[in-house]
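The values are calculated or read from the model by the stated rules, or taken from the named source; none is laboratory data. From a predicted model like this one, the values you see are computed outputs, not experimental measurements. Cβ coordinates were reconstructed from backbone atoms using ideal geometry, including for glycine residues, and neighbour counts include every protein chain displayed. For accessibility, only protein heavy atoms count, side chains too; no ligands or nucleic acids. Shrake-Rupley method; radii C 1.70, N 1.55, O 1.52, S 1.80 Å.
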Amino acid sequence: MKDPEDPWTFDDGYLEDLSSRNQERFEEDFDDNLDDFDEDTVERRLQTRFNEAEEHLKLVKAAAACFHPREGAGRSESGFRYVGVDPLQAVAENPADVLLVKPEYNGAYFCVVCCEIGGESRKDWVENVNEARRVFESRDNRDVLKSQLGIENDDLSFQYVTLTRTDDTVEMDFSVLGRNCDADTYAVWSADVEDKWMMHENGSFVHADLRSAFSEQLDYMRREDPLKYTVGTHPVFPLQQLVYQVVKEKFEFDDEHKSEFAHDTFYELFDKGLQIQCSGERRKQVVSSEVDRLLDMALKTGVFSDEDDDLRSDDSDFRIMYSGTRGPDHAENAVKPKYFDNIGRVQVGQLAYDKTRDEFDPETDLGSYGAF
């Protein structure tokens, strides 16, 4: 595990460019700033964020399962099918989580879904839909979307949806959302992620078949969700999935080094599981950025190690740090506790580093000239 009380753990090159004297000063200021942040408070905040991320991912999975191309309830009833998460993310960062599409001979109908947690955040809901609409309204971006999906017709119609939890819609005034939303066709759907059904709460439909499908609750229990993680999702979710796959393959092929793996293996497994509609250089950029983010957090929290003392194979770049060799389930289940055992100290270190860098002024170093 990287030392969270060492500023070099968080450095992106800034420290390297400082003089040796300024590096010493920076390290001293960093040590002082560590005391400005309470680890327990930070841990509570991080746990809250994790819970919200988990609830958000459940909604993304609900949409993907409901409109799964094979036997999804929404797909069967409306013809709209799930085609991927984080639509147009490789072109322009935006709040859209899921894309549904219904191609027809005279055009194509799209449903852009933004998943939201918390009924008190209505302003954020509308702002996210409006931002997604701005991205999808771009002619260039629509050309990219058509290319990704193999659509040749220029007649495109869009529906925008806020998908939230059923409990978040209780006593909600939906007219406030409609008045402040820029989209011509906008609706609020809700999902019960425990009993696995989805319903239309309020708003308009881009297609009559979609309206008909939501004339009653859509039961999506019959189709398991087809994805495990998205772009920018909480690190624990993809790390759990990828650790499971790595160790499972090691056991299947009776590999001597069951906890070790190469960078290329991690990249390939993540790429295979990421369901975004882009290819070529765009996809490589997204995947590379996400892989770097996940490996960085795994190393900082001790989920992985890249230390020579921990590696036994010459072909490996990383080792999964869990006790025993009881198989992929055990390895997967070890990720979350390991992460949360250390993430509080890591975040305190990151906050201290950020504060030090914001306040640090190399020009104040008087060196051998002394003080006036």
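Listed by first and then second residue, the pairs linking a residue in segment 19-37 that is under 11 Å from residue 351 (Cα atoms) and of a type in the set (S, T, N, Q) to a residue that is at pLDDT 95 or above and buried (at least 16 other Cβ atoms within 10 Å of the Cβ), with Cβ atoms under 9 Å apart and 6 or more places separating them unless they lie on different chains, are 33/351; 33/352; 33/353; 33/355; 33/356.
Kindly check whether there is at least one residue in segment 218-234 that is assigned to a helix (DSSP H, G or I) and open to solvent by less than 30 Å² (accessible area, probe 1.4 Å). Taking every residue of segment 218-234 in turn, none turns out to be assigned to a helix (DSSP H, G or I) and open to solvent by less than 30 Å² (accessible area, probe 1.4 Å). Taking the conditions (1) over 19 Å from the mean Cα position of the chain (by Cα); (2) assigned to a strand (DSSP E or B) in turn, residue 115 satisfies each one other than (1).
The helices (runs of 4 or more DSSP H) falling completely within segment 263-372 that include 3 or more residues that are among the hydrophobic types (A, V, I, L, M, F, W, C) and touching a strand residue (DSSP E or B) at 6+ places or on another chain (Cβ under 8 Å) map to 280-300.
Scanning segment 341-350 turns up at least one residue that is open to solvent by less than 50 Å² (accessible area, probe 1.4 Å), of a type in the set (Gly, Ala, Ser), under 20 Å from residue 3 (Cβ atoms) and in contact with a helix residue (DSSP H, G or I) (Cβ under 7 Å, 6 or more places away or on another chain).
Residue 160 meets all of the listed conditions (1) in contact with a helix residue (DSSP H, G or I) (Cβ under 7 Å, 6 or more places away or on another chain); (2) in a loop (DSSP other than H, G, I, E, B) but one, namely (2). The number of residues in segment 70-83 being under 25 Å from the mean Cα position of the chain (by Cα) and surrounded by 22 or more Cβ atoms within 10 Å (Cβ to Cβ) comes to 5.
Taken residue by residue, segment 125-145 has no member that is at pLDDT below 90 and not in a strand (DSSP E or B).
Does residue 206 satisfy being in contact with a Phe, Trp or Tyr (Cβ under 9 Å, 6 or more places away or on another chain), touching a residue at least 24 places away in the same chain (Cβ under 8 Å) and not assigned by the TED database to the domain that holds residue 169? Working first, answer last.
Values: in contact with a Phe, Trp or Tyr (Cβ under 9 Å, 6 or more places away or on another chain): yes; touching a residue at least 24 places away in the same chain (Cβ under 8 Å): yes; not assigned by the TED database to the domain that holds residue 169: no.
When the stated conditions are applied, residue 206 does not pass them.
Across segment 280-332, the qualifying residues are those that are modelled with pLDDT of 90 or more and β-branched (Val, Ile, Thr), and the one among them that is most open to solvent (accessible area, probe 1.4 Å) is 286. Taking the stated definitions as given, is residue 290 among the acidic types (Asp, Glu) and more than 26 Å from residue 92 (Cβ to Cβ)? No: the conditions fail for residue 290. Scan segment 90-105 for residues that are part of a loop (DSSP other than H, G, I, E, B) and either modelled with pLDDT of 95 or more or open to solvent by less than 40 Å² (accessible area, probe 1.4 Å) (or both) and jot them down. Within segment 90-105, 90, 92, 94, 95, 96, 97 qualify.
Here is a check on your reading of the model: is residue 109 open to solvent by 20 Å² or more (accessible area, probe 1.4 Å), assigned by the TED database to the domain that holds residue 182, at negative phi and touching a Ser or Thr at 6+ places or on another chain (Cβ under 8 Å)? Against the criterion (open to solvent by 20 Å² or more (accessible area, probe 1.4 Å), assigned by the TED database to the domain that holds residue 182, at negative phi and touching a Ser or Thr at 6+ places or on another chain (Cβ under 8 Å)), residue 109 qualifies.
Scan segment 121-172 for residues that are closer than 21 Å to residue 107 by Cα and polar (S, T, N, Q) and the total you get is 7.
Okay, residues lined up against (1) over 20 Å from residue 133 (Cα atoms); (2) loosely packed, with under 15 Cβ neighbours inside 10 Å:
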| site | (1), (2) |
| --- | --- |
| 143 | no, yes |
| 147 | no, yes |
| 154 | no, yes |
| 157 | no, no |
| 170 | yes, yes |
| 177 | no, no |
| 183 | no, no |
| 187 | no, no |
| 194 | yes, yes |
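Among the criteria (1) open to solvent by 30 Å² or more (accessible area, probe 1.4 Å); (2) over 30 Å from residue 199 (Cα atoms); (3) not charged (D, E, K, R), the one residue 51 does not fulfil is (2). Scanning segment 119-141 for residues that are closer than 15 Å to residue 174 by Cα, open to solvent by less than 50 Å² (accessible area, probe 1.4 Å) and either of a type in the set (Val, Ile, Thr) or out of contact with any strand residue (DSSP E or B) (no Cβ under 8 Å at 6 or more places or on another chain) (or both) turns up 121, 126, 129. When restricted to residues that are among the acidic types (Asp, Glu) and closer than 16 Å to residue 234 by Cβ, segment 293-318 contains 1.
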